[in-house]
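Note sheet for the following structure.
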Amino acid sequence: MEGSGSRDGSGPFTLRSAERKILFSALVLLAGLAVTGRFRMLPGAAVGAVIAYGNFFLIRRILEKAFSGQETVRKSFIVQYALKFLGLVAVVYLVVRSGWFDALGFLLGLSCLFLGILVEAVTGSFKTY
């Protein structure tokens with residue numbers, strides 16, 4: 001599979017590298033909020049970033065198990081992925097509904113998933129083969 005991003009890191013896009021970029025974007029976001037004095041948003045952003053990272057971590061684990069060297073995708077993949085999605089929706093709902101955290105900070109934290117993938121794609125586009 002040329003250019004498909006294998007797990008050993010030889011491809012342009014790897015899931016583990018994307019995880020590191022998600023963590024990096026979370027650190028940059030939290031540092032930016034601290035530097036600008038938005039301390040009220042920090043807990044919500046931190047919780048959102050943890051949920052975003054945890055979501056991607058679970059996606060990676062499910063996909064690795066589903067495509068572990070077999071020709072066909074395991075049937076349990078669909079069930080695991082659906083349960084992960086429902087769990088994510090439930091956690092986000094509970095966090096927003098509880099009112100414990102600043103909603104904008106929480107949404108900024110959740111955006112770390114998108115930012116991490118974006119950074120991974122941009123940095124991967126500059127790699128040569």
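Numbers for the structure displayed
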read-out: Translational D in µm²/s for region 15-123 (Stokes-Einstein at 10 °C, 1.306 mPa s, Kirkwood Rh from C-alpha pairs); value: 107
read-out: For GLU120, GLU19, order by how many other beta-carbon atoms lie within 10 Å, fewest first; value: GLU19, GLU120
read-out: Spin-label model distance (nm) - ARG20 vs TYR81, 7 Å beyond Cα toward Cβ; value: 2.7
read-out: Charge context of PHE114, other residues only, Cβ under 12 angstrom, K/R +1, D/E -1; value: 0
read-out: Straight-distance crosslink candidates among lysines, where the alpha carbon sits under 26 Å from LYS127 and sequence neighbours closer than 8 are dropped; value: LYS21
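Laboratory data are not the source of any read-out in this text; all were calculated from the coordinates shown. Note that the coordinates shown come from a computational prediction; the quantities given were computed from them, not determined experimentally. With ideal geometry, Cβ positions are generated from the backbone for all residues, glycine too; neighbour counts draw on all protein chains shown.
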